[in-house]
Amino acid sequence: VCTPGFEEVDARRDWDAIVIGAGPAGAVSALLLARAGWRVLLVERSAWPREKACGGCLSASCVASLRSIGLHDVLARATRVTSSHVHSGRRSARLPIDDGFAIDRTQFDAELVDRFVRAGGTFVDHASATLLTDTKGDHRTVRVQRGEVVEEHRASLALAADGLAGLSIATEPWAQWSIARDAYLGAATTLDDFAVDPGEIHMHVGTGGYVGAVKYDDGRVHLAAALNPTTCRDAGGPGVLMESILRSCGQDVSLTGRRLRGSPTLTRERLQLGGHRVLCVGDACGYVEPFTGEGIAWAVRSAIDVTRLVANGWSADLPGAWRELRDASLRRKQDICRVVRRAARSPLAMRLGIDLLRALPSLSRIVTSASTPTASAA
Ligand SMILES: Cc1cc2nc3c(=O)[nH]c(=O)nc-3n(C[C@H](O)[C@H](O)[C@H](O)COP(=O)(O)OP(=O)(O)OC[C@H]3O[C@@H](n4cnc5c(N)ncnc54)[C@H](O)[C@@H]3O)c2cc1C
(Lines give C-alpha, C1' and ligand atoms only; values in the text may rest on other atoms or scores of the structure.)
Protein backbone atom coordinates (compact mmCIF):
# COMPACT_ATOMS: atom_id res chain seq x y z
CA VAL A 1 0.00 0.00 0.00
CA CYS A 2 1.34 3.40 -0.98
CA THR A 3 1.06 5.85 1.89
CA PRO A 4 2.09 9.41 1.10
CA GLY A 5 4.06 11.46 3.58
CA PHE A 6 1.89 13.93 5.46
CA GLU A 7 3.62 16.77 3.63
CA GLU A 8 2.11 15.55 0.33
CA VAL A 9 -1.35 15.63 1.86
CA ASP A 10 -0.50 19.04 3.26
CA ALA A 11 -0.16 20.48 -0.25
CA ARG A 12 -3.91 20.02 -0.75
CA ARG A 13 -6.49 21.00 1.84
CA ASP A 14 -9.69 21.02 -0.25
CA TRP A 15 -11.30 17.74 -1.23
CA ASP A 16 -14.52 16.55 -2.78
CA ALA A 17 -14.77 13.97 -0.01
CA ILE A 18 -12.90 13.06 3.15
CA VAL A 19 -13.48 9.49 4.29
CA ILE A 20 -12.67 8.71 7.92
CA GLY A 21 -11.60 5.11 8.57
CA ALA A 22 -10.06 2.62 6.12
CA GLY A 23 -12.02 -0.54 6.98
CA PRO A 24 -14.10 -2.07 4.16
CA ALA A 25 -16.83 0.60 4.45
CA GLY A 26 -14.37 3.49 4.19
CA ALA A 27 -11.98 1.96 1.65
CA VAL A 28 -14.77 0.85 -0.73
CA SER A 29 -16.60 4.21 -0.44
CA ALA A 30 -13.35 6.07 -1.08
CA LEU A 31 -12.52 3.80 -4.03
CA LEU A 32 -15.93 4.20 -5.68
CA LEU A 33 -15.83 8.00 -5.31
CA ALA A 34 -12.26 8.13 -6.66
CA ARG A 35 -13.31 6.00 -9.64
CA ALA A 36 -16.10 8.53 -10.28
CA GLY A 37 -13.49 11.29 -10.51
CA TRP A 38 -13.85 12.74 -7.00
CA ARG A 39 -10.74 14.04 -5.22
CA VAL A 40 -10.78 11.90 -2.09
CA LEU A 41 -8.72 11.88 1.11
CA LEU A 42 -8.94 8.65 3.14
CA VAL A 43 -7.72 9.01 6.72
CA GLU A 44 -6.93 6.00 8.95
CA ARG A 45 -6.07 6.22 12.64
CA SER A 46 -3.97 3.04 12.84
CA ALA A 47 -0.49 2.45 11.46
CA TRP A 48 -1.21 0.61 8.20
CA PRO A 49 -1.73 -2.23 7.56
CA ARG A 50 -3.56 -2.87 10.83
CA GLU A 51 -5.13 -5.85 12.56
CA LYS A 52 -8.86 -5.94 13.24
CA ALA A 53 -10.86 -8.08 15.67
CA CYS A 54 -12.85 -10.05 13.10
CA GLY A 55 -13.41 -13.63 11.96
CA GLY A 56 -12.76 -12.57 8.36
CA CYS A 57 -15.66 -14.68 7.03
CA LEU A 58 -17.37 -13.34 3.94
CA SER A 59 -20.92 -14.34 3.05
CA ALA A 60 -22.17 -15.01 -0.46
CA SER A 61 -23.87 -11.63 -0.47
CA CYS A 62 -20.54 -9.96 0.33
CA VAL A 63 -18.82 -11.85 -2.47
CA ALA A 64 -21.66 -10.85 -4.83
CA SER A 65 -21.26 -7.18 -3.85
CA LEU A 66 -17.49 -7.32 -4.38
CA ARG A 67 -18.05 -8.93 -7.79
CA SER A 68 -20.57 -6.25 -8.73
CA ILE A 69 -17.91 -3.54 -8.35
CA GLY A 70 -15.09 -5.49 -9.98
CA LEU A 71 -13.31 -6.38 -6.74
CA HIS A 72 -13.65 -10.16 -6.72
CA ASP A 73 -9.90 -10.54 -7.26
CA VAL A 74 -9.20 -9.16 -3.75
CA LEU A 75 -10.23 -12.67 -2.68
CA ALA A 76 -7.36 -14.30 -4.61
CA ARG A 77 -5.75 -15.46 -1.36
CA ALA A 78 -8.98 -16.15 0.52
CA THR A 79 -9.99 -19.67 1.56
CA ARG A 80 -13.25 -20.98 0.15
CA VAL A 81 -15.64 -22.02 2.93
CA THR A 82 -18.15 -24.80 2.27
CA SER A 83 -19.66 -25.64 5.66
CA SER A 84 -20.44 -24.25 9.09
CA HIS A 85 -20.49 -26.55 12.12
CA VAL A 86 -22.42 -25.47 15.20
CA HIS A 87 -21.33 -27.03 18.51
CA SER A 88 -23.01 -26.89 21.89
CA GLY A 89 -21.75 -29.26 24.58
CA ARG A 90 -20.96 -32.51 22.77
CA ARG A 91 -23.61 -32.00 20.11
CA SER A 92 -22.93 -30.54 16.69
CA ALA A 93 -24.68 -29.94 13.38
CA ARG A 94 -23.39 -29.07 9.93
CA LEU A 95 -24.84 -26.32 7.73
CA PRO A 96 -23.79 -26.08 4.07
CA ILE A 97 -22.40 -22.78 2.77
CA ASP A 98 -22.34 -21.69 -0.86
CA ASP A 99 -19.79 -19.16 -2.06
CA GLY A 100 -18.39 -18.27 1.37
CA PHE A 101 -14.77 -17.22 1.95
CA ALA A 102 -12.45 -16.58 4.89
CA ILE A 103 -9.65 -14.06 4.67
CA ASP A 104 -7.23 -12.35 7.04
CA ARG A 105 -8.63 -8.85 7.62
CA THR A 106 -5.17 -7.26 7.61
CA GLN A 107 -4.68 -8.53 4.08
CA PHE A 108 -8.24 -7.87 2.87
CA ASP A 109 -8.37 -4.28 4.11
CA ALA A 110 -4.88 -3.53 2.76
CA GLU A 111 -5.94 -4.82 -0.69
CA LEU A 112 -8.97 -2.51 -0.72
CA VAL A 113 -6.91 0.54 0.27
CA ASP A 114 -4.35 -0.39 -2.38
CA ARG A 115 -7.14 -0.31 -5.02
CA PHE A 116 -8.15 3.14 -3.79
CA VAL A 117 -4.60 4.50 -4.04
CA ARG A 118 -4.25 2.98 -7.53
CA ALA A 119 -7.51 4.74 -8.50
CA GLY A 120 -5.82 8.05 -7.72
CA GLY A 121 -7.00 8.58 -4.12
CA THR A 122 -4.87 9.98 -1.29
CA PHE A 123 -4.41 7.80 1.78
CA VAL A 124 -2.89 8.86 5.06
CA ASP A 125 -2.50 6.41 7.95
CA HIS A 126 -1.56 6.81 11.61
CA ALA A 127 -3.68 9.97 11.57
CA SER A 128 -6.80 10.59 13.61
CA ALA A 129 -9.65 12.58 12.02
CA THR A 130 -12.30 14.59 13.85
CA LEU A 131 -15.20 16.42 12.24
CA LEU A 132 -15.35 20.04 13.41
CA THR A 133 -18.67 21.69 14.28
CA ASP A 134 -19.00 23.93 11.20
CA THR A 135 -22.54 22.93 10.29
CA LYS A 136 -23.31 25.61 7.70
CA GLY A 137 -22.01 26.37 4.22
CA ASP A 138 -20.81 24.26 1.33
CA HIS A 139 -18.18 22.19 3.12
CA ARG A 140 -17.24 20.43 6.36
CA THR A 141 -13.89 20.79 8.07
CA VAL A 142 -12.03 17.76 9.33
CA ARG A 143 -9.18 18.08 11.79
CA VAL A 144 -6.46 15.55 10.99
CA GLN A 145 -3.80 14.85 13.59
CA ARG A 146 -0.72 12.82 12.81
CA GLY A 147 1.72 12.77 15.73
CA GLU A 148 2.34 16.36 16.71
CA VAL A 149 1.14 17.71 13.36
CA VAL A 150 -2.44 18.97 13.19
CA GLU A 151 -4.13 20.15 9.98
CA GLU A 152 -7.60 21.23 8.96
CA HIS A 153 -8.94 19.85 5.68
CA ARG A 154 -12.19 20.84 3.97
CA ALA A 155 -14.51 18.71 1.89
CA SER A 156 -17.91 18.99 0.22
CA LEU A 157 -18.78 15.68 1.90
CA ALA A 158 -17.43 13.81 4.92
CA LEU A 159 -18.08 10.08 5.32
CA ALA A 160 -17.68 8.68 8.84
CA ALA A 161 -16.57 5.05 8.37
CA ASP A 162 -14.81 4.82 11.71
CA GLY A 163 -16.51 1.67 12.99
CA LEU A 164 -17.95 0.94 16.42
CA ALA A 165 -15.13 2.54 18.40
CA GLY A 166 -14.78 5.69 16.31
CA LEU A 167 -15.23 9.12 17.85
CA SER A 168 -14.75 11.22 14.71
CA ILE A 169 -18.33 12.54 14.79
CA ALA A 170 -18.83 12.44 18.57
CA THR A 171 -19.68 16.15 18.71
CA GLU A 172 -22.48 15.90 16.11
CA PRO A 173 -25.76 16.25 18.08
CA TRP A 174 -27.52 13.59 15.95
CA ALA A 175 -24.75 10.99 16.23
CA GLN A 176 -25.55 9.39 19.61
CA TRP A 177 -25.55 5.58 19.83
CA SER A 178 -28.44 3.50 21.05
CA ILE A 179 -26.65 0.45 22.53
CA ALA A 180 -28.52 -2.80 23.28
CA ARG A 181 -28.62 -3.33 27.06
CA ASP A 182 -27.51 -6.94 26.68
CA ALA A 183 -24.87 -6.28 24.00
CA TYR A 184 -21.85 -8.61 23.95
CA LEU A 185 -18.19 -7.66 23.50
CA GLY A 186 -16.04 -8.90 20.62
CA ALA A 187 -12.64 -10.61 21.03
CA ALA A 188 -10.35 -12.34 18.56
CA THR A 189 -6.98 -14.05 18.32
CA THR A 190 -4.97 -16.19 15.90
CA LEU A 191 -3.46 -19.63 16.66
CA ASP A 192 -1.14 -22.03 14.87
CA ASP A 193 -2.24 -25.14 16.74
CA PHE A 194 -6.03 -25.54 16.68
CA ALA A 195 -7.65 -28.48 14.92
CA VAL A 196 -9.95 -27.14 12.19
CA ASP A 197 -10.14 -28.36 8.60
CA PRO A 198 -9.74 -25.78 5.82
CA GLY A 199 -13.08 -24.73 4.36
CA GLU A 200 -14.99 -25.24 7.61
CA ILE A 201 -16.25 -22.71 10.12
CA HIS A 202 -16.81 -24.02 13.65
CA MET A 203 -19.08 -22.09 16.00
CA HIS A 204 -18.84 -23.13 19.67
CA VAL A 205 -21.74 -21.98 21.84
CA GLY A 206 -21.40 -22.04 25.63
CA THR A 207 -22.36 -20.19 28.77
CA GLY A 208 -21.49 -16.51 28.41
CA GLY A 209 -20.86 -16.41 24.68
CA TYR A 210 -19.77 -18.13 21.51
CA VAL A 211 -16.43 -18.64 19.76
CA GLY A 212 -16.01 -19.12 16.00
CA ALA A 213 -12.94 -20.79 14.46
CA VAL A 214 -11.79 -20.75 10.85
CA LYS A 215 -8.53 -21.59 9.06
CA TYR A 216 -6.86 -19.08 6.73
CA ASP A 217 -4.87 -19.93 3.61
CA ASP A 218 -1.55 -19.70 5.53
CA GLY A 219 -2.67 -22.46 7.94
CA ARG A 220 -3.31 -20.19 10.94
CA VAL A 221 -6.64 -20.56 12.74
CA HIS A 222 -8.57 -17.46 13.65
CA LEU A 223 -10.81 -17.43 16.74
CA ALA A 224 -13.48 -14.72 17.02
CA ALA A 225 -15.84 -14.49 19.98
CA ALA A 226 -18.86 -12.59 21.26
CA LEU A 227 -18.84 -12.53 25.05
CA ASN A 228 -21.18 -11.42 27.81
CA PRO A 229 -19.27 -8.55 29.52
CA THR A 230 -20.33 -9.61 33.05
CA THR A 231 -19.48 -13.30 32.56
CA CYS A 232 -16.24 -12.18 30.98
CA ARG A 233 -15.28 -10.09 34.01
CA ASP A 234 -16.31 -12.83 36.48
CA ALA A 235 -14.35 -15.46 34.53
CA GLY A 236 -11.16 -13.39 34.70
CA GLY A 237 -11.09 -11.94 31.17
CA PRO A 238 -11.98 -12.74 27.55
CA GLY A 239 -9.23 -15.35 27.07
CA VAL A 240 -10.36 -17.39 30.08
CA LEU A 241 -14.02 -17.25 29.01
CA MET A 242 -13.16 -18.26 25.43
CA GLU A 243 -11.17 -21.24 26.81
CA SER A 244 -14.10 -22.30 28.98
CA ILE A 245 -16.63 -22.07 26.09
CA LEU A 246 -14.31 -24.10 23.83
CA ARG A 247 -13.73 -26.66 26.60
CA SER A 248 -17.50 -27.08 27.09
CA CYS A 249 -17.61 -28.12 23.41
CA GLY A 250 -14.70 -30.55 23.74
CA GLN A 251 -11.89 -28.28 22.48
CA ASP A 252 -9.01 -27.97 24.94
CA VAL A 253 -6.94 -24.91 24.13
CA SER A 254 -4.84 -22.52 26.18
CA LEU A 255 -5.03 -18.84 25.33
CA THR A 256 -2.72 -17.80 28.18
CA GLY A 257 -0.22 -15.26 26.91
CA ARG A 258 -2.01 -14.88 23.56
CA ARG A 259 -2.59 -11.38 22.29
CA LEU A 260 -6.33 -10.77 22.01
CA ARG A 261 -7.88 -8.02 19.93
CA GLY A 262 -11.10 -6.62 21.34
CA SER A 263 -14.07 -4.53 20.31
CA PRO A 264 -16.56 -2.40 22.22
CA THR A 265 -20.11 -3.69 22.81
CA LEU A 266 -21.37 -4.88 19.47
CA THR A 267 -25.12 -4.48 19.06
CA ARG A 268 -25.88 -0.80 18.62
CA GLU A 269 -27.53 1.60 16.24
CA ARG A 270 -27.44 5.26 15.30
CA LEU A 271 -30.99 6.54 14.92
CA GLN A 272 -29.83 9.17 12.45
CA LEU A 273 -27.20 8.38 9.87
CA GLY A 274 -26.06 11.86 8.91
CA GLY A 275 -26.13 15.60 9.36
CA HIS A 276 -25.04 18.58 7.31
CA ARG A 277 -22.66 17.25 4.61
CA VAL A 278 -21.76 14.17 6.62
CA LEU A 279 -23.05 10.58 6.41
CA CYS A 280 -22.12 7.42 8.35
CA VAL A 281 -21.12 4.22 6.54
CA GLY A 282 -20.62 0.60 7.68
CA ASP A 283 -20.42 -0.20 11.40
CA ALA A 284 -20.54 3.55 12.10
CA CYS A 285 -24.28 3.25 11.27
CA GLY A 286 -24.82 0.30 13.61
CA TYR A 287 -24.12 -3.41 14.02
CA VAL A 288 -25.95 -6.53 15.10
CA GLU A 289 -24.02 -9.53 16.40
CA PRO A 290 -23.58 -12.46 15.78
CA PHE A 291 -20.93 -12.43 13.11
CA THR A 292 -22.83 -14.33 10.47
CA GLY A 293 -20.34 -13.24 7.83
CA GLU A 294 -22.56 -10.22 7.39
CA GLY A 295 -20.65 -7.32 9.03
CA ILE A 296 -18.24 -6.96 6.13
CA ALA A 297 -21.11 -7.56 3.67
CA TRP A 298 -23.08 -4.71 5.28
CA ALA A 299 -19.98 -2.48 5.19
CA VAL A 300 -19.41 -3.11 1.46
CA ARG A 301 -23.14 -2.85 0.64
CA SER A 302 -23.48 0.44 2.48
CA ALA A 303 -20.39 1.82 0.70
CA ILE A 304 -21.98 0.96 -2.68
CA ASP A 305 -25.35 2.42 -1.67
CA VAL A 306 -24.02 5.63 -0.10
CA THR A 307 -21.76 6.48 -3.02
CA ARG A 308 -24.71 6.06 -5.42
CA LEU A 309 -26.82 8.29 -3.20
CA VAL A 310 -24.30 11.16 -3.18
CA ALA A 311 -23.40 10.85 -6.88
CA ASN A 312 -25.20 14.09 -7.79
CA GLY A 313 -23.77 16.11 -4.91
CA TRP A 314 -25.16 17.25 -1.58
CA SER A 315 -28.78 18.05 -0.75
CA ALA A 316 -30.36 18.52 2.68
CA ASP A 317 -32.64 15.48 2.33
CA LEU A 318 -29.73 13.02 1.96
CA PRO A 319 -29.45 11.99 5.66
CA GLY A 320 -33.15 10.97 5.70
CA ALA A 321 -32.89 9.28 2.30
CA TRP A 322 -29.81 7.39 3.49
CA ARG A 323 -31.69 6.06 6.54
CA GLU A 324 -34.51 4.78 4.31
CA LEU A 325 -32.18 3.23 1.77
CA ARG A 326 -30.09 1.46 4.40
CA ASP A 327 -33.19 0.12 6.16
CA ALA A 328 -34.58 -1.18 2.86
CA SER A 329 -31.27 -2.83 2.02
CA LEU A 330 -30.27 -4.36 5.38
CA ARG A 331 -33.16 -4.38 7.86
CA ARG A 332 -34.35 -7.92 7.04
CA LYS A 333 -30.87 -9.43 7.43
CA GLN A 334 -30.25 -7.53 10.64
CA ASP A 335 -33.59 -8.78 12.04
CA ILE A 336 -32.53 -12.37 11.24
CA CYS A 337 -29.23 -11.72 13.05
CA ARG A 338 -31.20 -10.51 16.08
CA VAL A 339 -33.05 -13.85 16.19
CA VAL A 340 -29.81 -15.87 15.78
CA ARG A 341 -28.20 -13.66 18.42
CA ARG A 342 -30.93 -14.58 20.92
CA ALA A 343 -30.62 -18.31 20.11
CA ALA A 344 -26.83 -18.23 20.34
CA ARG A 345 -27.09 -16.91 23.89
CA SER A 346 -28.79 -20.06 25.10
CA PRO A 347 -26.70 -23.24 24.93
CA LEU A 348 -29.93 -25.18 25.66
CA ALA A 349 -31.77 -23.59 22.69
CA MET A 350 -28.72 -24.34 20.56
CA ARG A 351 -28.73 -28.00 21.62
CA LEU A 352 -32.41 -28.32 20.75
CA GLY A 353 -31.75 -26.65 17.39
CA ILE A 354 -28.84 -29.00 16.72
CA ASP A 355 -31.00 -32.05 17.57
CA LEU A 356 -33.65 -30.77 15.16
CA LEU A 357 -31.12 -30.26 12.36
CA ARG A 358 -29.71 -33.75 12.91
CA ALA A 359 -33.18 -35.29 12.85
CA LEU A 360 -34.21 -33.30 9.74
CA PRO A 361 -31.02 -32.65 7.71
CA SER A 362 -32.97 -30.95 4.89
CA LEU A 363 -33.74 -28.15 7.37
CA SER A 364 -30.10 -27.03 7.22
CA ARG A 365 -30.54 -25.83 3.61
CA ILE A 366 -33.63 -23.89 4.61
CA VAL A 367 -31.80 -22.31 7.58
CA THR A 368 -28.86 -21.20 5.46
CA SER A 369 -30.95 -19.87 2.60
CA ALA A 370 -33.18 -17.91 5.03
CA SER A 371 -30.34 -15.94 6.54
CA THR A 372 -28.68 -14.75 3.32
CA PRO A 373 -29.00 -15.60 -0.37
CA THR A 374 -26.53 -18.26 0.71
CA ALA A 375 -25.28 -17.95 4.23
CA SER A 376 -22.17 -18.31 6.29
CA ALA A 377 -21.24 -18.01 9.92
CA ALA A 378 -18.15 -17.06 11.85
C1 LIG B 1 -14.86 -10.41 17.12
C2 LIG B 1 -15.51 -10.01 15.82
C3 LIG B 1 -15.63 -10.95 14.80
C4 LIG B 1 -16.24 -10.59 13.60
N5 LIG B 1 -16.31 -11.51 12.60
C6 LIG B 1 -16.86 -11.17 11.41
C7 LIG B 1 -16.87 -12.09 10.33
O8 LIG B 1 -16.36 -13.21 10.41
N9 LIG B 1 -17.45 -11.70 9.16
C10 LIG B 1 -18.00 -10.46 9.01
O11 LIG B 1 -18.53 -10.16 7.92
N12 LIG B 1 -17.97 -9.55 10.01
C13 LIG B 1 -17.41 -9.88 11.20
N14 LIG B 1 -17.34 -8.95 12.19
C15 LIG B 1 -17.85 -7.60 11.93
C16 LIG B 1 -16.89 -6.81 11.03
O17 LIG B 1 -15.59 -6.86 11.59
C18 LIG B 1 -17.34 -5.36 10.89
O19 LIG B 1 -18.72 -5.32 10.62
C20 LIG B 1 -16.59 -4.65 9.77
O21 LIG B 1 -15.22 -4.54 10.09
C22 LIG B 1 -17.15 -3.23 9.57
O23 LIG B 1 -16.34 -2.51 8.68
P24 LIG B 1 -16.20 -0.94 8.81
O25 LIG B 1 -15.36 -0.51 7.67
O26 LIG B 1 -17.53 -0.31 9.00
O27 LIG B 1 -15.44 -0.68 10.20
P28 LIG B 1 -13.99 -1.14 10.66
O29 LIG B 1 -13.55 -2.31 9.92
O30 LIG B 1 -14.07 -1.20 12.15
O31 LIG B 1 -13.05 0.07 10.24
C32 LIG B 1 -13.09 1.31 10.91
C33 LIG B 1 -11.73 1.96 10.75
O34 LIG B 1 -11.81 3.32 11.22
C35 LIG B 1 -10.60 3.64 11.86
N36 LIG B 1 -10.84 4.81 12.71
C37 LIG B 1 -11.54 4.87 13.87
N38 LIG B 1 -11.57 6.14 14.32
C39 LIG B 1 -10.86 6.90 13.43
C40 LIG B 1 -10.53 8.27 13.37
N41 LIG B 1 -10.94 9.15 14.31
N42 LIG B 1 -9.79 8.71 12.34
C43 LIG B 1 -9.36 7.84 11.38
N44 LIG B 1 -9.64 6.51 11.39
C45 LIG B 1 -10.40 6.05 12.40
C46 LIG B 1 -10.26 2.37 12.63
O47 LIG B 1 -8.89 2.33 12.98
C48 LIG B 1 -10.65 1.30 11.61
O49 LIG B 1 -9.57 0.94 10.78
C50 LIG B 1 -16.75 -9.27 13.42
C51 LIG B 1 -16.62 -8.33 14.44
C52 LIG B 1 -16.01 -8.68 15.62
C53 LIG B 1 -15.85 -7.65 16.71
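The values are calculated or read from the model by the stated rules, or taken from the named source; none is laboratory data. This one's a predicted model, so the numbers in the text were calculated from it and none came from an experiment. As a convention, Cβ positions derive from the backbone with ideal geometry for all residues, glycine included, and neighbour counts pool all protein chains shown.
State yes or no: is residue 266 within 14 Å of the ligand (Cβ to nearest atom), assigned to a strand (DSSP E or B) and among the aliphatic types (A, V, I, L, M)?
No: the conditions fail for residue 266.
What residue, of 184, 216, is within 23 Å of residue 89 (Cβ to Cβ) and within 12 Å of the ligand (Cβ to nearest atom)?
The match here is 184.
Would it be correct to say that residue 65 is at pLDDT 95 or above, within 15 Å of the ligand (Cβ to nearest atom) and not in a loop (DSSP other than H, G, I, E, B)?
The answer is yes for residue 65.
Does at least one position in segment 312-324 carry a residue that is part of a helix (DSSP H, G or I) and within 13 Å of the ligand (Cβ to nearest atom)?
No, because not a single residue in segment 312-324 is part of a helix (DSSP H, G or I) and within 13 Å of the ligand (Cβ to nearest atom).
Which residues, taken from segment 50-74, are under 16 Å from residue 29 (Cα atoms), small (Gly, Ala, Ser) and out of contact with any Lys or Arg (no Cβ under 6 Å at 6 or more places or on another chain)?
Hits for segment 50-74 are 68, 70.
Could you list, in sequence order, all residues of segment 99-125 that are in a loop (DSSP other than H, G, I, E, B) and touching a helix residue (DSSP H, G or I) at 6+ places or on another chain (Cβ under 9 Å)? First the steps, then the outcome.
Our first condition is that a residue be in a loop (DSSP other than H, G, I, E, B); within segment 99-125, this holds for 103-104, 119-121, 125.
Residues satisfying the conditions are 103, 119, 120, 121, 125.
Checking the structure you have, find out if any residue of segment 137-144 is exposed (fewer than 14 other Cβ atoms within 10 Å of the Cβ) and either away from the ligand (no atom under 16 Å from the Cβ) or part of a loop (DSSP other than H, G, I, E, B) (or both).
Looking through segment 137-144, at least one residue is exposed (fewer than 14 other Cβ atoms within 10 Å of the Cβ) and either away from the ligand (no atom under 16 Å from the Cβ) or part of a loop (DSSP other than H, G, I, E, B) (or both).
For residue 33, are the conditions met, namely being part of a helix (DSSP H, G or I) and in contact with a Ser or Thr (Cβ under 6 Å, 6 or more places away or on another chain)?
Yes.
Test each condition in (1) touching a Ser or Thr at 6+ places or on another chain (Cβ under 6 Å); (2) surrounded by fewer than 17 Cβ atoms within 10 Å (Cβ to Cβ) for residue 201 and report the one that comes out false.
(2)
Yes or no: residue 307 farther than 21 Å from residue 177 by Cβ, surrounded by fewer than 16 Cβ atoms within 10 Å (Cβ to Cβ) and more than 13 Å from the ligand (Cβ to nearest atom)?
So residue 307 fails the test.
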